[in-house]
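First up is the structure itself, then whatever we jot down about it.
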């Protein structure tokens with residue numbers, strides 16, 4: 001029988017793991033540069049565990065964001081062997097060595113693997129990501145009704161954790177920081193296709209502007225990058241179609 | 001460099017409790033939210049299974065049954081006035097979240113769907129009841145996102161990646177906080193008429209935990225060092241289904257949807273421990289049952305050290321649509337497919353029932369006798385109202401943060417609007433500047449990571465699911481030794497920008513404080529109740545111990561215990577059987 005995950009954990013054989021990290025300390029460096037490290041880790045350990053071993057025992061100045069360590073909080077999106085992923089959601093056994101780790105692209109690097117997230121959140125806020133209701137609509141005493149089918153219509157895009165893996169994998173976003181980016185459109189989708197929302201036209205007008213959804217060239221990088229498995233490109237296409245036909 | 005800000009209300013922490021408080025306070029006065037993480041990184045987002053409220057959308061229910069279950073689940077230590085408030089306000093809280101846009105799962109007729117959860121029963125324990133409102137297995141994620149959306153809509157002001165280091169208290173009156181800006185290393189003084197702590201838990205003191213790396217008891221740590229009490233610190237919940245070796249949470253909803261726990265023999269062992277509700281018994285009982293199954297040699301796996309969560313008899317469609325995240329966790333982290341085989345699980349440190357003592361408005365208690373700290377509030381896991389007593393029921397934490405977050409936000413705004421900004425000392429952050437400067441001085445070869453790893457091992461081994469006088473005494477000796485080692489640790493990185501070695505080092509200090517408070521409180525309580533199980537005192541002793549512990553640290557570092565009577569109500573303590 002092949003060795004499965006739990007057996008690998010039990011076997012607890014540590015292996016040498018080689019990593020190349022793109023480092024940048026604004027108080028010392030003028031340019032980012034790669035530094036190499038070797039740590040001992042088990043095959044089932046997360047890349048995040050390896051980064052911790054470096055930070056805790058080799059170079060405490062290594063800067064990265066992380067919190068939940070199981071792919072829910074969205075703190076630790078990085079470019080890992082050339083592809084966007086969460087460091088807590090990729091395991092050593094699945095990575096070719098040396099593992100190259102860089103900060104996500106298209107946002108200003110503050111230090112090492114930490115980027116300035118403000119431009120990302122500005123794009124998100126631009127699409128008014130909150131439920132918009134008619135002001136004159138009387139607040140119901142009970143819940144609004146929504147059929148399971150209507151609820152399912154936007155289920156996929158409610159999974160977004162705002163990690164920016166999609167947006168910072170998008171070649172359009174790299175070239176044009178004014179583009180709202182995939183994550184913002186995903187969050188617009190979450191409301192545009194919610195039967196309770198009345199802000200669809202407002203959002204579609206915003207997304208029809210020059211920095212909106214039509215900048216997307218369907219590279220599919222975003223869908224590939226999403227650690228939550230959201231069909232990002234499909235969501236963007238649905239938003240584009242809705243904008244074209246105002247089919248709401 | 002020190003910057004000064006002035007607000008009416010400052011909220012520390014941007015999880016569910018902090019954001020819900022911010023919505024309430026922000027409508028009424030000038031409000032800021034100070035958080036060491038971006039708001040959406042908060043651990044509320046990791047909560048999975050649901051939020052209970054007696055909506056009776058699926059079957060008959062009442063808030064009073066919910067209150068009974070909460071009191072019984074908490075082994076009669078909860079304050080019953082606070083439980084009544086929470087369970088009554090639960091219904092409106094869920095409906096309000098729906099109106100804010102929360103995408104709850106729906107019944108065929110379009111109402112909020114509900115499902116079963118541990119310890120929640122119909123008519124005082126007759127049978128499990130469908131009470132948990134949910135959004136797949138990412139209910140906490142949806143609550144966090146929805147509250148963040150609403151805060152943005154209302155223009156709430158955020159200071160993200162600001163780490164709280166102190167509470168400003170002048171003659172016992174709260175006048176603001178001091179925070180460290182992680183991006184720059186600058187200190188900020190936030191003068192404020194009112195402050196609310198919503199900083200979350202401190203499960204990172206244990207080796208196996210569902211908690212995020214950042215859950216280090218910062219809020220309670222600050223409070224404790226200021227000489228204020230912490231309540232019921234001996235009560236820490238171990239969730240029965242943490243992923244083996246990792247502690248990542250697999251929601252109780254897995255059992256609510258029909259999952260079964262099995263030992264190495266394939267036996268559904270919970271039938272022996274809780275004949276009526278079996279696998280849906282409260283978490284403390286299930287975790288203890290797992291502990292004894294493993295201890296008595298019936299654990300599964302080559303080392304006989306885990307239990308199996310069996311979902312193979314649950315409709316695969318239900319697993320994939322109602323439990324998608326936990327299915328993925330098992331596949332990603334253990335290479336186990338829950339549709340085909342049992343998932344290896346163990347008890348995982350999950351939730352602190354204890355914390356900063358508050359009344360039902362969220363106002364912080366200054367002592368066990370009933371005095372309050374003017375201007376200071378707390379809500380959520382860092383607080384102890386107490387609604388969870390000695391053991392929290394599943395889903396009641398999401399309920400707690402919404403109900404008491406709202407109440408705390410309201411109370412702090414009312415206080416702010418009725419008072420002037422308190423005067424504070426001329427250099428309120430002087431001692432913090434000194435503390436920070438000292439982090440870089442002296443020290444030996446010690447690594448703080450070694451201290452943290454040892455702390456987590458000691459607490460897991462000697463102060464977790466099962467405790468004795470001996471194990472707790474050993475733990476205390478070790479924790480005190482670890483404090484000495486910690487004091488020898490030096491911060492090596494001297495940079496200002498994103499110096500996360502500084503923040504991690506300070507977090508470890510808070511964890512050591514929390515561990516010591518837990519161990520001392522636990523050693524004193526010579527009975528078993530809820531999450532606190534003493535193998536050398538296996539019975540609950542209501543005559544002596546129907547009371548909350550209040551632990552304080554004196555000026556010379558001594559820990560002192562005092563006690564406060566439980567607020568009783570309709571329910572008289574009975575033996576806790578399920």
Bins of 20 Å, starting at 0 and running to the largest distance - Cα pair percent for the protein assembly as shown: 16, 53, 30, 1
Computed over region B:112-271, Kirkwood Rh from alpha-carbon pairs, angstrom: 19.7 Å
Sites residue A:27 and residue B:4, calculated FRET efficiency, Cβ-Cβ separation with R0 30 Å, nearest 0.05: 0.75
Gyration tensor over alpha-carbon atoms, region A:65-138, equivalent ellipsoid semi-axes in Å: 33, 16, 10
In degrees, nearest ten, helix B:80-100 long axis to first principal axis of chain B (Cα): 90 degrees
Cα-projected label distance for residue B:494 with residue B:477, points at 7 Å along beta-carbon direction, nm: 4.0 nm
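Pairs of Cα atoms under 8 Å, at least six residues apart: use those to get the relative contact order of region A:5-115, whole percent.
30 percent
Short version: what are the Cα gyration tensor semi-axes of region A:137-177, square root of 5 times each eigenvalue, largest first, in whole Å?
Equivalent-ellipsoid dimensions as semi-axes: 35, 13, 9 Å.
Determine the shape class of region B:60-144: with a ≥ b ≥ c the square roots of the Cα gyration tensor eigenvalues, call it rounded for a/c under 1.5, and otherwise prolate if a/b is greater than b/c, oblate otherwise.
The shape class here is prolate.
By DSSP, what percent of the beta bridges with both residues in the protein assembly as shown are antiparallel, rounded to the nearest 5?
That works out to approximately 70 percent antiparallel.
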Burial ordering of B:295, A:96, A:89, fewest other beta-carbon atoms within 10 Å first: A:96, B:295, A:89
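Obtain the radius of gyration and the Kirkwood radius of chain B from its C-alpha atoms and give Rg over Rh.
For chain B, the value is 0.95.
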Viscosity 1.306 mPa s, temperature 10 °C, Stokes-Einstein D of region A:5-115 from Kirkwood C-alpha radius, µm²/s: 111 µm²/s
Degrees, to the nearest 10: B:500-524 long Cα axis against longest axis of chain B: 60 degrees
Sequence of B:447, B:134 once ranked by neighbouring C-beta atoms within 10 Å, starting from the fewest: B:447, B:134
For region B:405-557: rounded, prolate or oblate by the Cα gyration tensor [a/c cutoff 1.5]: oblate
Inter-centroid distance (Cα atoms) of region B:99-131 relative to region A:114-193, Å: 27 Å
Value of relative contact order over chain A, rounded to a whole percent, pairs C-alpha under 8 Å and six or more apart: 17 percent
Sequence ranges B:173-183, A:53-63, ranked by mean other-Cβ count within 10 angstrom, highest first: B:173-183, A:53-63
Pairwise centroid distance, computed over Cα atoms, of region B:181-245 with region B:414-443, Å: 19 Å
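Which value in deg cm²/dmol, rounded to the nearest 500, describes the helix-derived mean residue ellipticity at 222 nm for chain B, given -39,500 (n - 2.57) per DSSP H run of n ≥ 4 and division by the residue count? Spell out each step's value before the answer.
Numbers: 16 runs with 200 residues, N = 578.
Helix-only estimate at 222 nm: -11000 deg cm²/dmol.
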Peptide ranges B:102-112, B:549-559, B:255-265 listed from the most packed, as the mean C-beta count within 10 angstrom indicates: B:255-265, B:102-112, B:549-559
Cα gyration tensor shape of region A:194-248, rounded if a/c is under 1.5, else prolate or oblate by comparing a/b with b/c: oblate
Neighbour-count ranking [beta-carbon atoms within 10 angstrom, fewest first] of A:236, B:432: B:432, A:236
Computed over region B:167-206: relative contact order in percent, which uses C-alpha pairs under 8 Å that are six or more apart: 30 percent
222 nm mean residue ellipticity, helices alone, for chain A (DSSP H n ≥ 4; -39,500 (n - 2.57); rounded to 500): -8500 deg cm²/dmol
Rounded Å value of the spacing that divides the Cα centres of region B:448-516 and region B:386-403: 27 Å
Ratio of the Cα radius of gyration of chain A to 2.2 N^0.38 Å, where N counts its residues: 1.16
Degrees, to the nearest 10: A:182-192 long Cα axis against longest axis of chain A: 40 degrees
Calculated FRET efficiency for the pair residue A:175/residue A:149, C-beta based, R₀ 51 Å, to 0.05: 0.85
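None of the figures in this text is laboratory data; all of them are computed from the coordinates on show. These numbers come from a predicted model, not from an experiment. Note that we place each Cβ from the backbone using ideal geometry, even for glycine, and neighbour counts take in every protein chain shown.
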